[in-house]
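The values are calculated or read from the model by the stated rules, or taken from the named source; none is laboratory data. Computed from a predicted structure; not experimentally measured. In this analysis, Cβ positions are derived from the backbone assuming ideal geometry, glycine residues included, and neighbour counts consider all displayed protein chains. Accessible surface is based on the protein model in full, side chains and every heavy atom, while ligands, DNA and RNA are left aside. Shrake-Rupley method; radii C 1.70, N 1.55, O 1.52, S 1.80 Å.
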Amino acid sequence: MSAALRTLLVLSLLVPAGCSRGPSNWRQWIDQATLEFKADRPAKAYEACDNAWKEAVKEKDAKQAVAAYECLYEAAVRLGQIERTFPVFRKILAEYDGTMNDTGAGIRHRNNFGVALVRAGEKQEGVAQLEAALDAYEGSVYHTSNNFRQRTLLIENLARGARVFADEAPAIKVSSVMLEEIVVYVEGQRYRNDVSTTLGAGDALAAIADLVRLRGDPKAADELMVQAREQQSLETNYLSGQPRTIPCDHIIIRSLVLRGCYAVLK
């Protein structure tokens with residue numbers, strides 16, 4: 001037996017039976033996360049996604065970092081522990097926001113972050129994040145002025161998040177400036193008999209009506225709620241049984257397939 005063969009034999013005896021090397025790079029960790037999701041092991045999936053995130057940050061790869069966040073967020077949702085992703089998303093906002101916008105997921109992630117903050121009791125920051133999302137990416141095709149349905153969802157969430165600050169600036173702005181914006185736009189589109197371009201307005205108007213009531217004007221709230229229900233009825237008829245929510249994004253990251261959905265405050 002040669003010396004090289006004897007060395008190989010000794011090394012093989014030192015490796016425990018059934019032991020194999022685990023993932024060592026971003027791609028392998030994403031593939032590992034896929035296996036964990038399929039096996040319904042969200043805690044293990046989160047661990048794999050987190051390792052993919054760390055590899056992306058180490059390599060300073062913005063695209064991989066944003067993709068790893070999609071993975072992390074999904075695992076956190078399944079665990080019911082969204083707050084675990086807060087530090088990661090704050091880093092994305094600070095360092096990878098442009099890349100997140102390029103994927104078309106910026107508004108969705110910003111909305112979901114704001115909603116998650118409100119649900120976690122961090123209402124002041126949550127409302128601020130929802131406000132920031134309305135104005136994010138100015139000059140880009142992804143600015144909410146170019147997508148009425150996204151914009152009205154953010155306004156709806158903002159109105160619900162601002163309920164505990166009914167007399168502060170965000171609530172005042174929603175129940176005045178943003179309310180007028182929606183009403184003027186919807187009236188213009190009704191003149192053209194085009195319901196498809198006003199989807200989301202009904203739920204936003206209903207949320208604002210609740211806020212107006214909290215701000216001490218029940219008469220105006222009742223009038224606005226009538227308008228909201230009329231718009232909701234038009235949208236329901238147009239959708240013909242389809243969900244009222246914004247369609248989820250179809251996300252493919254190597255072997256990992258996810259649905260990126262928009263969170264809604266109630």
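Once all protein chains are placed together, Lys58 keeps about 130 Å² accessible to a 1.4 angstrom probe.
Ignoring lysines fewer than eight residues from Lys60 along the same chain, the ones with Cα atoms less than 16 angstrom from its Cα are Lys91. Note on surface exposure: Val186, Val141, Val264 rank Val141, Val264, Val186 by accessible area, highest first, 1.4 Å probe.
Note on segment 60-164: with neighbouring protein chains present and a 1.4 Å probe, carbon and sulfur make up 46 percent of its accessible heavy-atom surface. In segment 182-260, the alpha-carbon atoms span a convex hull of 121 Å³ per residue. If you sort Ser176, Ser240 by accessible surface, 1.4 Å probe, largest first, the order is Ser240, Ser176.
Dividing the mean sequence gap of close Cα pairs (under 8 Å, 6+ apart) by how many residues the chain holds gives a relative contact order of 15 percent. Compared with the dominant principal axis of the Cα atoms in the chain, helix 3-14 is inclined by about 50°.
State which stretch of the chain is the longest one without any exposed GluC sites (Glu not before Pro), exposure meaning a DSSP loop state and at most 12 other Cβ atoms within 10 Å.
Here the longest run is 1-137.
Here Rg/Rh (Cα atoms, Kirkwood Rh) was computed from the coordinates, and among (1) 1.33; (2) 1.18; (3) 1.14 the match is (3).
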